[in-house]
Number of protein chains: 2
Amino acid sequence: MTPLYQQIKNHIREHIGAGTWGPGQRVPSENELVRTLGASRMTVNRALREMTDEGILHRVAGVGTFVADRTAYAHPLEVRNIAEEIRARGHQHSAQVVTLETMRAGGELAGNFGVPPKTNLFHSLILHSENGVPLQIEDRYVNPAVAPDYMSIDFAKTTPYEYLVRVAPLQEAEHVLRAVMPGDSVRKLLGMAEGEPALLLLRRTWSNGVVTSTVRLYYPGSRYELAGRFNP
Amino acid sequence: MTPLYQQIKNHIREHIGAGTWGPGQRVPSENELVRTLGASRMTVNRALREMTDEGILHRVAGVGTFVADRTAYAHPLEVRNIAEEIRARGHQHSAQVVTLETMRAGGELAGNFGVPPKTNLFHSLILHSENGVPLQIEDRYVNPAVAPDYMSIDFAKTTPYEYLVRVAPLQEAEHVLRAVMPGDSVRKLLGMAEGEPALLLLRRTWSNGVVTSTVRLYYPGSRYELAGRFNP
DNA sequence: AAGTGGTCTAGACCACTGC
DNA sequence: CAGTGGTCTAGACCACTTT
């Protein structure tokens, strides 16, 4: 049985996802939700408070609760799944597989993986969108020794992340973050204007001491930001 | 007046900080805290639940609440000192104070700090260089209530970071990372070419539940990257 | 059986905003 | 003024673990 406050959170997420309650718009007040949902105010309050902490809602005492404008929002210290992130905002995730191939590693790539040059690697390039708007390019190389079935997965339904954490428990990760001017192909895929910068996140993950995957994630600078709150 | 659940969180943090309750050790149960602190169980529960969400505590129903083992919290967005970072590379750090002033908070700034509009704030803009090459612009606002001596510090010798951690122990931090096109003044100070993107890191830090400082850090995209390795 | 955390309710008082 | 969110209380029932 899912807790009531979780059901309320899901209920609100669905409304946001369906567009009934759009960004900047007002969400029913606590008392209204108490009446319509039949829960107590403390329970409604918890649901709304948690969604505010998650950055999905925005509250002003004395005024009301609103859907946050900030659409793209992620926690940089976690290795997150883009699909989950989008669904948590109540939006629709879709993925378009641009490239899926087996190739031989060049010198630099082989060095990153710690395998001999000319070893076979899997390569995928996937465009992830939120409500149909491109949000991330995932340019990934995968170690076949760790994930032999990689080429037979339908990445329109399952993200590489979801598949990889299943076959290779995440053990260690390395991140590099840069601001770059995207190349033409990246720019066009993401639907970015010329002269608009991109956020580039390089990530390398290990499982059992072996490099599982390296990935280059491109985000449009105007539509995405990495954010997080933590205790040092 | 700080909310009771915040006071309880601070109380627990102090015990953890002082080493009374070390990693892996058991924290008093909800009922015990209700008795010793005189708060209701819901309030104690909220404090413990939030600290669990923050990764500070670890709870097991039917067993107890424990201080989390923290080894997994090094990540690319640590709050670090630019001067230390440069010195760690064996290079020379220098700082040039561009602006140092007292000003009145506008609406948005006041909102970020959680103070009434027109409250006095300190403002500093400092250019940090590595071996004479500009690397970071630090555009910072500081809460005078927390750091009253801020205006009398020589920031060519001591970084604001070093001063602030001394007067206000860092408790919580919020980060936002963006790729942006810098404005002309930022671009010129950093000696960047036109059309070159910048990495913008916004940070807000808390001490004892009060916002100590907000800062906008600009880095030239071509000369800087954020990197880190951690175990999830 | 006793203790733990997980959840939920039905009240309450407060400071604040809008009219 | 009525409405909003922010907080707090004193109960309650539950599933679970430990003794």
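Just so you know, all these numbers are worked out from the coordinates, no wet-lab data involved. Note that the structure is a prediction, hence the values are computed from the model and not measured. Virtual Cβ from ideal backbone geometry, glycine too; neighbours counted across all protein chains shown.
Shortest first, in nm, what separates the label point of A:SER152 from those of the same position in the other copies (7 Å along Cα→Cβ)?
List, nearest first: 7.4 nm.
How high is the relative contact order of segment B:82-220, in percent, with contacts defined as C-alpha pairs under 8 Å that are six or more residues apart?
23 percent
Under the classification rounded if a/c is under 1.5, otherwise prolate if a/b is larger than b/c and oblate if not, where does segment A:128-179 fall, given a ≥ b ≥ c as square roots of the Cα gyration tensor eigenvalues?
Verdict is oblate for segment A:128-179.
Put the label 7 Å from Cα along Cα→Cβ for A:ARG203; what are its distances to the other copies, in nanometres, shortest first?
Here A:ARG203 shows inter-copy label distances of 2.3 nm.
What shape does chain B take by its C-alpha gyration tensor, where a ≥ b ≥ c are the square roots of the eigenvalues and a/c under 1.5 counts as rounded, a/b above b/c as prolate, and the rest as oblate?
It is prolate, given that a/c is not under 1.5 and a/b is the larger ratio.
Rounded to a whole number, what is D in µm²/s for the protein assembly as shown from Stokes-Einstein with the Kirkwood radius over alpha-carbon pairs (20 °C, 1.002 mPa s)?
It diffuses with D of about 87 µm²/s by this estimate.
Going by the alpha-carbon gyration tensor, a ≥ b ≥ c the square roots of its eigenvalues, is segment A:4-67 rounded (a/c under 1.5) or, if a/c is not under 1.5, prolate (a/b greater than b/c) versus oblate?
Rounded is the answer for segment A:4-67, as its axis ratio a/c remains below 1.5.
With a point put 7 Å past each Cα toward its Cβ, work out how far B:ARG166 is from A:ALA193 in nm, to one decimal.
Spacing of the two 7 Å Cα→Cβ label points: 4.6 nm.
Only Cα pairs within less than 10 Å get springs; with that Gaussian network setup on chain A, which residue of A:LEU37, A:LEU190, A:LEU121 has the largest fluctuation?
A:LEU37
Please state the relative contact order of segment B:4-67 as a whole percent: Cα pairs under 8 Å, 6+ residues apart?
Reported relative contact order: 41 percent.
Calculate the FRET efficiency for B:LEU37 and B:ARG223 from the Cβ-Cβ distance with a Förster distance of 45 Å, rounded to the nearest 0.05.
0.30
Please work out the FRET efficiency for the pair A:ALA61 and B:GLN92, using the Cβ-Cβ distance as r and a Förster radius of 45 Å; give the result to the nearest 0.05.
0.35
Given the options B:VAL67, B:VAL142, B:VAL34, which has the most mean-square fluctuation in a GNM of chain B, springs set between C-alpha atoms less than 10 angstrom apart?
B:VAL34
Report, as an integer, the average count of C-beta atoms from other chains found within 10 Å of each Cβ along A:177-185.
Average per residue, whole number: 6.
Per DSSP H run of at least 4 residues, take -39500 (n - 2.57); add these up for the protein assembly as shown, divide by its residues and hand me the 222 nm value, nearest 500 deg cm²/dmol.
Using -39500 (n - 2.57) per qualifying helix, the result is -8000 deg cm²/dmol.
Under the convention of a label 7 Å out along Cα→Cβ, give the distances in nm from A:GLY19 to the same position in every other copy, shortest first.
Sorted ascending, the copy-to-copy spacings read 6.1 nm.
To the nearest µm²/s, what D does Stokes-Einstein give for segment A:82-220 at 37 °C and 0.692 mPa s, using the Kirkwood radius over alpha carbon pairs as Rh?
It comes out at roughly 210 µm²/s.
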